[in-house]
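The values are calculated or read from the model by the stated rules, or taken from the named source; none is laboratory data. A quick note: this is a predicted structure, and the numbers were derived from the prediction, not measured. Note that we place each Cβ from the backbone using ideal geometry, even for glycine, and neighbour counts take in every protein chain shown. Quick note on the areas: whole protein, heavy atoms, side chains included, nothing else; ligands and nucleic acids left out. Shrake-Rupley method; radii C 1.70, N 1.55, O 1.52, S 1.80 Å.
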Amino acid sequence: MPAKIVETKPRAFKRVPVDPITLDIIENAMLNARYEMDAVLFRTAMSPGIREQHDEFPMIANVDGKMVVGQFGSFIYGFKEAYHGTIEEGDMFLTTDPYSCKGAVSHINDWLLLRPIFKDGRLVAYAAMFGHMTDVGGKVPGSLPTDARQIFEEGIRIPPTKIFRKDVLQEDILNLILHNCRLPHWNRSDFNAIVAAIRTAEKRVIEMANRFGDDVYYSALEDLLDRNRRAMAHLIKTTVPTHKQYFEDYICDDGMGMGPYKLRCAMWREGEKVKFDFTGTDPQSISSVNFYLNEEMFKMFCGVYMIMVFDPKIMFNDGFYDLMDVHIPEGTLLKPREPAALSCRTHALGRLFDVLGGLLGQGNPAFLNAAGFSDSPHFMYSGHDRNGKWFQLFQIGFGGVPGRPFGDGPDGHSMWPSFTNVPNEFVESYFPLRIETYETIADSGGAGKHRGGNALRVTYRFLEDGEISIHDDRWLTYPWGVNGGTPGKRSRKELRRKNGSREIIPSKCDRIPVQEGDLLYFDTWGGGGWGDPYQRDPAAVAFDVEAGLVTAAGARSNYGVVLRKDGSLDEKTTAALRSKLAKKRGKTQIFNFGGTIPELKKRCRAETGLSPPLQPKAPRFLVADKKAAKKPAAKGKRTRAA
């Protein structure tokens with residue numbers, strides 16, 4: 001049965017009118033509380049992934065569990081449905097297991113803490129935060145094995161657990177958890193930092209309720225949710241057609257030599273509601289690229305995307321969820337059956353944003369985005385230094401944001417807007433490596449009227465023997481361009497040994513041995529271009545060349561822009577060349593994928609230096625279920641499918 005909320009003085013809230021000034025004050029106070037949570041965390045956590053790179057997501061929700069401010073949407077409904085126990089004053093909950101909380105978190109590296117906020121014996125709000133732990137045990141350092149077949153291989157799973165009871169930490173439980181982690185001191189510090197951030201949110205919520213009154217505070221949050229719902233209802237009505245639109249994109253491989261995996265979605269509007277149907281998405285993988293997608297989380301993804309594209313001034317919250325219906329078939333890549341491995345779900349998670357871009361822009365191509373840096377590539381390096389001390393680095397890579405209707409895509413940026421890079425000086429001070437190159441890759445962003453953002457190259461020089469793991473994608477398929485824009489450059493990883501040998505490293509691999517003096521070239525991918533590149537202002541192209549974002553050769557071949565030896569623009573020759581190239585190209589395409597999947601596989605070895613992935617194999621139980629469903633029933637008996 002669902003969780004039971006225990007209140008010592010239960011009483012209903014009263015919805016009262018809130019004047020615009022008070023509403024504005026409470027809205028901004030909530031936003032400030034959300035950012036204060038971040039500030040507390042960043043100043044007290046230890047792991048670079050959280051402290052420096054900001055791989056964490058805070059949230060403050062109303063009494064019903066709807067997110068009012070935050071970043072990743074609310075998961076409280078699923079949490080309460082999955083947790084069988086009481087929610088009382090002084091409690092704080094910890095969970096890391098996606099299967100135990102209906103996908104509230106999506107892999108077990110994410111430690112989610114949730115705090116019910118009580119005031120005068122009554123529940124008034126929730127505060128929550130989750131952060132990515134560098135290590136939670138499992139078969140490989142970093143706890144993200146590419147070849148895991150079950151979630152049990154990925155580290156310690158924590159079901160929804162009361163880690164605080166009546167504000168008392170359950171030390172024995174925490175010690176048991178930390179005993180299974182390679183960096184327990186980092187995990188403990190990050191855990192305490194998340195607790196401190198949540199307590200900060202609790203303090204601010206109670207301060208607001210005391211200042212304005214419980215009913216005014218409650219009503220203000222309801223007004224903010226209603227306002228967001230009205231805005232989203234208008235966006236849905238004006239941008240989503242009633243006829244079905246389809247789009248599909250791919251994860252290149254699964255780390256076990258199979259791929260690509262298709263993510264397919266249909267979208268249409270019925271009345272004021274938008275419908276999403278993922279029927280046609282490939283079956284779940286036998287490896288760890290599965291993504292257990294919570295329907296509420298997808299609504300958040302979609303809402304954020306629509307708001308950012310159509311009206312970024314809207315304050316994002318969960319008020320619109322009843323305007324979306326989402327269907328994700330069980331047994332697919334986005335709804336795998338337990339105990340499917342999930343540790344490398346970041347590729348499917350990020351690729352959903354490209355799918356959304358392809359769907360939402362079809363009704364109005366002027367608002368169509370190209371494909372961009374839809375992933376969070378991981379680099380991990382671990383081992384024992386010459387003094388016998390264990391080191392372990394987890395780092396997230398950045399790449400090119402897509403070209404957009406209103407401008408170029410930023411270069412070398414994170415998929416998540418709030419993420420930041422780890423300063424090279426920090427990495428070199430605390431880990432045995434040297435960053436020899438940190439630069440954007442010229443010409444890697446797709447050409448367009450609005451250029452796709454360039455990819456990032458980071459070159460690591462290893463100063464100790466150890467092992468590396470890499471998680472990345474878009475090495476086979478391209479980040480596609482739109483409205484005449486061309487695709488961005490694909491990702492690539494090359495290891496240059498100190499003995500002079502070179503090898504191309506797969507995009508997903510573990511336990512690659514490296515020696516002192518070896519070099520790793522870690523190239524991410526660029527964003528696709530938007531619009532006809534021959535319509536880009538030649539002066540803007542000349543500036544890109546001067547800034548090192550586009551080469552002179554790339555300006556000529558991709559944009560039809562000719563520069564003299566001194567870098568000045570040759571306008572007459574440019575006009576003639578553009579006319580010639582446009583005539584040769586013909587009509588522009590709405591989508592430019594860089595080739596079909598069969599074509600990309602055929603060219604794979606020549607273009608990437610890697611073998612093309614094989615056709616994916618579905619898990620045996622899915623094959624068996626499919627055969628059972630097709631088998632005719634014996635007379636007088638019912639089949640399992642019936």
field: Förster-model FRET efficiency, 22 Å R0, ARG227 and GLU36, C-beta, rounded to 0.05
entry: 0.45
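For the pair THR573 and GLN150, what calculated FRET efficiency results from E = 1/(1 + (r/R0)^6), where r is the Cβ-Cβ distance and R0 = 51 Å, to the nearest 0.05?
Working: r = 62 Å, r/R0 = 1.21.
The formula returns an efficiency of 0.25 here.
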field: Intensity falloff of segment 157-296 expressed as log10 I(q)/I(0), Debye formula with alpha-carbon point scatterers, at q = 0.17 Å⁻¹
entry: -1.02
query: Which distance in nm do the two modelled labels at MET308 and LYS565 give, with both placed 7 Å along the Cα-to-Cβ direction?
result: 4.6
message: Once each part is reduced to its C-alpha centroid, what is the distance from segment 131-197 to segment 473-492 in angstrom?
response: 37
field: Protection-proxy order for peptides 198-211, 283-296, each taking the mean of Cβ atoms within 10 Å per residue, highest first
entry: 283-296, 198-211
message: With θ taken as phi - 60° and the coefficients 6.51, -1.76 and 1.60, list the Karplus ³J(HN,Hα) couplings across segment 460-467 in order, rounded to whole Hz; mark glycine and proline as x.
response: 9, 9, 7, 9, 9, 5, x, 10
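Given R₀ = 45 Å, what would the calculated FRET efficiency be for PHE13 paired with GLU171, taking r from the Cβ atoms and rounding to 0.05? Don't skip to the end; give the middle numbers.
Numbers: r = 36 Å, r/R0 = 0.80.
After rounding, the FRET efficiency stands at 0.80.
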query: Non-local amide H neighbours of VAL561 (under 5 Å, H modeled in plane, Pro and chain starts lacking H): which ones?
result: ARG556
query: Can you work out ³J(HN,Hα) from phi for every residue in segment 64-77, in order, using Karplus 6.51 cos²θ - 1.76 cosθ + 1.60 and θ = phi - 60°, giving whole Hz and x for Gly and Pro?
result: 8, x, 8, 5, 9, 9, x, 9, 10, x, 8, 10, 5, 4
query: Looking only at segment 524-558, which residues have a backbone nitrogen under 19 Å from a spot 7 Å from the Cα of LYS583 in the C-beta direction?
result: 533-535, 557-558
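Helix-only mean residue ellipticity at 222 nm, the chain, DSSP H runs n ≥ 4 weighted -39,500 (n - 2.57), per residue, nearest 500. What is it?
The helix-only estimate for the chain comes to -9500 deg cm²/dmol at 222 nm.
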task: Would you check the accessible area of TYR534, probe 1.4 Å, heavy atoms only, in square angstrom rounded to 10?
output: 40
- prompt: At 20 °C and 1.002 mPa s, what whole-number value in µm²/s does Stokes-Einstein give for the translational diffusion of segment 1-120, with Rh from the Kirkwood sum over Cα pairs?
  reply: 132
task: Determine one quarter of the surface area of the Cα convex hull of the chain, which equals its mean projected area, and express it in nm² to one decimal.
output: 33.1
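Indicate, rounded to the nearest 5 percent, the antiparallel portion of the DSSP beta bridges found entirely in the chain.
On the way: 85 of 93 bridges.
Roughly 90 percent of the beta bridges in the chain run antiparallel, per DSSP.
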field: Heavy atoms of LEU334 accessible to a 1.4 Å probe, total area in Å² rounded to 10
entry: 0
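Which length gain, in nm to one decimal place, applies between GLU428 and LYS203 when the Cα-Cα distance is subtracted from 0.36 nm times their residue separation? Numbers along the way, then the final one.
Details: separation 225, 0.36 × 225 = 81.00 nm, distance 3.80 nm.
Going from the current span to full extension adds 77.2 nm.
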- request: Take the Cα of GLU272, step 7 Å along the line toward its Cβ, and report every residue of segment 217-241 whose backbone nitrogen sits under 13 Å from that point.
  value: 226-238
- line: Eigenvalues of the alpha-carbon gyration tensor of segment 389-517, times 5 and square-rooted, give semi-axes in Å, largest first, of 30, 17, 12
query: Can you give the net charge of the other residues whose Cβ lies under 12 Å from the Cβ of LYS14, counting K and R as +1 and D and E as -1?
result: -1
query: Which shape class applies to segment 338-461: rounded if a/c is under 1.5, otherwise prolate when a/b exceeds b/c and oblate if not, where a ≥ b ≥ c are the square roots of the Cα gyration tensor eigenvalues?
result: oblate
- prompt: Please state the relative contact order of the chain as a whole percent: Cα pairs under 8 Å, 6+ residues apart?
  reply: 12
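Among 236-243, 439-446, 507-514, what's the highest-first ranking by average C-beta atoms within 10 angstrom per residue?
Numbers: 236-243: 13.8, 439-446: 25.6, 507-514: 19.2.
The densest-packed peptide leads the list: 439-446, 507-514, 236-243.
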- request: Could you give the DSSP H helices of the chain that reach 15 angstrom or more along their long axis (alpha carbon positions) and whose average Kyte-Doolittle hydropathy is no lower than 0.5?
  value: 295-310, 346-360
field: Solvent-accessible area of SER418 with every protein chain in place, 1.4 Å probe, in Å² to the nearest 10
entry: 40
Long-range amide H partners of MET59 with built H, under 5 Å: ALA128
- prompt: When you count, for each residue, the other Cβ atoms within 10 Å and take the mean per peptide, how do 391-397, 566-572 rank with the highest first?
  reply: 391-397, 566-572
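Report the extension gain between TRP416 and TYR246 in nm, rounded to one decimal, defined as 0.36 nm multiplied by the number of residues separating them, less their alpha carbon distance. Walk me through the numbers on the way to the answer.
Working: separation 170, 0.36 × 170 = 61.20 nm, distance 2.53 nm.
Result for the pair: 58.7 nm of gain on full extension.
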- prompt: Residue-wise, which Karplus ³J(HN,Hα) couplings in Hz belong to segment 478-491, taking 6.51 cos²θ - 1.76 cosθ + 1.60, θ = phi - 60°, and x for glycine or proline?
  reply: 9, x, 5, x, 9, 6, x, x, 9, x, x, 6, 7, 7
query: Can you give the extra length, in nm with one decimal, that the chain gains between ARG502 and HIS327 once fully stretched, where that is 0.36 nm per residue apart less the Cα-Cα distance?
result: 58.4 nm
